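Just below is one structure, and these are the notes that go with it.
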Amino acid sequence: MKVIKAANYVDLSKKAAALIAAQIIRDPSSVLGLATGSTPVGVYSELAELCGQGVIDFACVTTVNLDEYCGLPAEHPQSYAQFMRQKLFDHVNIAKSNTHLPDGMAKDAEVECLRYERLIEGLGGIDLQLLGIGRNGHIGFNEPGESFAPGTHQTGLAKDTLDANSRFFGPGEKVPTQAFSMGIGTIMRARSILLIASGSDKTWALDKTINGPVTPQVPASVLQFHRDVTVIYCD
Ligand code: GLP
């Protein structure tokens with residue numbers, strides 16, 4: 001694991017965007033695994049800027065997102081599909097048909113999870129997976145538990161995650177309690193991984209991820225077993 005301390009959030013965003021840009025320059029047909037949450041917002045705006053300057057070109061890039069809330073249609077303001085459009089896809093020259101997320105409205109969860117896993121396989125796997133991290137050490141929506149999920153699955157969200165994510169929902173709006181998420185196995189099959197974390201509420205999770213025992217109680221700790229992980233963090 002390469003661990004880089006950034007000076008601040010802007011520096012973190014620029015450094016992470018530079019690594020993603022390098023991946024796109026090396027391979028213009030890259031498959032990028034993308035993340036939601038507040039942490040990657042700065043990375044996405046840096047990428048949009050680099051694209052505007054002609055440094056990177058998304059024309060042949062394909063993206064697969066980590067997760068999506070169950071029960072929210074892609075048009076819902078709080079869906080991750082909408083988040084990705086607002087923060088990145090609408091600002092770069094990516095073909096919308098090359099952007100993929102689990103379908104939060106899928107009727108049959110099992111079929112949807114299999115479809116998503118096959119889609120990623122069919123794309124030849126993920127070249128670079130961007131990850132945020134939950135305060136409890138979750139990645140995607142792989143919450144602390146008894147085992148590591150091998151593939152895309154439907155999962156209930158931990159109380160801490162519901163509390164943390166409720167800030168994005170209006171008063172009276174219910175935070176979805178279920179989501180589709182790539183599994184730990186899906187994430188670990190990515191050829192390289194870039195984890196970003198900002199702020200003191202992530203210190204515990206980050207410490208356990210980097211220095212703690214590998215345990216499904218801290219899902220991100222499994223990244224210690226991956227051969228190409230870069231962590232960029234700031235206070
Ligand atoms: C959500 C997402 C995760 C993300 C986490 C942290 O639960 N499913 O992928 O890493 O939030 O979000 P934030 O960056 O807002 O702290």
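Nothing in this text is a laboratory measurement; each read-out follows from the coordinates by a stated rule. These figures come from a predicted structure and were not determined experimentally. Counting neighbours? That spans all protein chains shown, and the Cβs are built from the backbone with ideal geometry, glycine included.
Summary of values
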| read-out | value |
| --- | --- |
| Region 58-158: translational diffusion in µm²/s, Stokes-Einstein, Kirkwood Rh over Cα pairs, 10 °C, 1.306 mPa s | 108 |
| Cross-link pairs Lys96/Lys208; Lys14/Lys202; Lys174/Lys202; Lys15/Lys174 - those with Cα-Cα distance over 31 Å | Lys96/Lys208; Lys15/Lys174 |
| √(5λ) per eigenvalue of the Cα gyration tensor, region 117-165, largest first, Å | 23, 13, 9 |
| Theoretical gain in end-to-end length, Met1 to Glu173 [0.36 nm per residue, Cα-Cα removed] | 58.0 nm |
| Rounded to whole Hz, the Karplus (6.51, -1.76, 1.60) HN-Hα couplings of region 49-57, x for glycine and proline | 5, 4, 5, x, 7, x, 6, 10, 10 |
| Val214 versus Ala18: modelled label distance in nm, points set 7 Å from Cα along the beta carbon direction | 3.0 |
| Global geometry of region 140-235, whether rounded, prolate or oblate, following the gyration tensor of its Cα atoms and the 1.5 cut on a/c | oblate |
| Region 4-101 shape via C-alpha gyration tensor axes, a/c threshold 1.5 | oblate |
| Largest-first principal axis extents, alpha carbons of the chain, Å | 43, 40, 37 |
| Compactness relative to 2.2 N^0.38 Å, alpha carbon Rg of region 121-196 | 1.19 |
| Relative contact order (%) - the chain, alpha-carbon pairs under 8 angstrom, separation at least six | 26 |
| Value at 222 nm in deg cm²/dmol, rounded to 500, when DSSP H runs of n ≥ 4 in the chain each add -39,500 (n - 2.57) | -9000 deg cm²/dmol |
| Of all DSSP beta bridges in the chain, antiparallel share, percent nearest 5 | 30 |
| Relative contact order computed over region 136-183 (Cα-Cα under 8 Å; 6+ residues apart), in percent | 50 |
